[in-house]
Amino acid sequence: MRYAIYCCPAADSALGRFGAEWLAGVEIAGLDAARRDALLADARRYGWHATLRAPFALAHGHELGELCRVLVNVAREHAPFALPLRLDRLAGFLALRPAGDTTAIDALAAACLHATETLRAPLAAEALRKRAAGLDAMEFAHLQDHGYPYVLDRYRFHMTLAAPASTGEEQALHAWLAPRAAALPPAAIDALTICREPSPGAAFEVVERVVLEGCA
């Protein structure tokens, strides 16, 4: 079983409704339903979110209650804030990305990373070897130290919309997404959401939402 710390928009927010509609499977001109579903498969499994701490297993002797308590402490030290988003491309796939300053979200992700590090089970040697492929020296150091390469100076807030697609497919996706993404108000970053993968390959499920309570 793995846990992750996500930024999940409230279901009744504009961003929450946008994500729910998108992942439910909209009709996209120039893209058949089967191919659309293939491109959305991973996004659906992980849920509508941005990662603050990537999925990890709890180390032996630690349990969910400890993770919740640690994140309550993080939430007390960070105030809610608004984050404008825009449709962008990251590492070959479409995603919503920050449209301005990322200082606050970068700090929140770093706080989640450091606060939970003692609870994380280390990666097995085989998993470490597989995940090291294609990483540069700093990313590999992060993988060794934190179990994931894209943290701290390599952290990039994003909400994945689809898997990498062909040029034509991406154009079709972009045509549906662009006007709707442009109309979104800034995202409310107001909580840390603990999500759980109950078994390998299963869809992630929300366990607890911890509201940010710090003072601006």
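Laboratory data are not the source of any read-out in this text; all were calculated from the coordinates shown. Not measured: the values here are computed from a predicted model. Cβ sites come from the backbone with ideal geometry, for glycine too, and all protein chains shown count toward neighbours.
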**Prompt:** In the range 20-28, is there at least one residue being surrounded by 17 or more Cβ atoms within 10 Å (Cβ to Cβ) and closer than 17 Å to residue 195 by Cα?
**Reply:** no
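For the structure I just gave you, tell me whether residue 153 is under 22 Å from residue 49 (Cα atoms), exposed (fewer than 12 other Cβ atoms within 10 Å of the Cβ), in contact (Cβ under 8 Å) with a residue 12 or more places away in the chain and among the acidic types (Asp, Glu).
On the way: under 22 Å from residue 49 (Cα atoms): yes; exposed (fewer than 12 other Cβ atoms within 10 Å of the Cβ): yes; in contact (Cβ under 8 Å) with a residue 12 or more places away in the chain: yes; among the acidic types (Asp, Glu): yes.
Yes, satisfied.
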**Message:** Residues that are of a type in the set (Phe, Trp, Tyr) and in contact with a helix residue (DSSP H, G or I) (Cβ under 8 Å, 6 or more places away or on another chain): list the helices (runs of 4 or more DSSP H) wholly contained in the range 1-93 that include at least 2 such residues.
**Reply:** 14-25
**Prompt:** Among the candidates 118, 102, which residue alone is surrounded by 13 or more Cβ atoms within 10 Å (Cβ to Cβ), among the hydroxyl-bearing types (Ser, Thr, Tyr) and under 27 Å from residue 209 (Cα atoms)?
**Reply:** 102
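Among the residues of the range 131-141, is any under 22 Å from residue 194 (Cα atoms) and out of contact with any Ser or Thr (no Cβ under 8 Å at 6 or more places or on another chain)? Spell out the reasoning first.
Going residue by residue through the range 131-141, those that are under 22 Å from residue 194 (Cα atoms) are none.
No, the range 131-141 contains no residue that is under 22 Å from residue 194 (Cα atoms) and out of contact with any Ser or Thr (no Cβ under 8 Å at 6 or more places or on another chain).
Among the listed residues 145, 153, 136, 106, identify the single one that is within 30 Å of residue 180 (Cβ to Cβ) and either in contact with an Asp or Glu (Cβ under 7 Å, 6 or more places away or on another chain) or among the acidic types (Asp, Glu) (or both).
On the way: 145 fails: within 30 Å of residue 180 (Cβ to Cβ); 153 fails: within 30 Å of residue 180 (Cβ to Cβ); 136 fails: within 30 Å of residue 180 (Cβ to Cβ).
One residue alone meets the criteria, 106.
What number of residues in the range 105-124 are free of Cβ contacts under 8 Å to residues at least 60 places away in the same chain and in a loop (DSSP other than H, G, I, E, B)?
From the range 105-124, those free of Cβ contacts under 8 Å to residues at least 60 places away in the same chain are 106-107, 109-111, 114-115, 117-118, 123-124; that's our starting set.
Cutting the leftovers down to in a loop (DSSP other than H, G, I, E, B) gives us 123-124.
Within the range 105-124, residues that are free of Cβ contacts under 8 Å to residues at least 60 places away in the same chain and in a loop (DSSP other than H, G, I, E, B) number 2.
Suppose we filter 143, 85, 108, 71 for residues that are more than 20 Å from residue 1 (Cβ to Cβ), surrounded by 19 or more Cβ atoms within 10 Å (Cβ to Cβ) and either of a type in the set (Lys, Arg) or touching a strand residue (DSSP E or B) at 6+ places or on another chain (Cβ under 6 Å) (or both); which single one remains? I'd like the intermediate steps shown before the answer.
Numbers: 143 fails: either of a type in the set (Lys, Arg) or touching a strand residue (DSSP E or B) at 6+ places or on another chain (Cβ under 6 Å) (or both); 108 fails: either of a type in the set (Lys, Arg) or touching a strand residue (DSSP E or B) at 6+ places or on another chain (Cβ under 6 Å) (or both); 71 fails: more than 20 Å from residue 1 (Cβ to Cβ).
That would be 85, the only listed residue that is more than 20 Å from residue 1 (Cβ to Cβ), surrounded by 19 or more Cβ atoms within 10 Å (Cβ to Cβ) and either of a type in the set (Lys, Arg) or touching a strand residue (DSSP E or B) at 6+ places or on another chain (Cβ under 6 Å) (or both).
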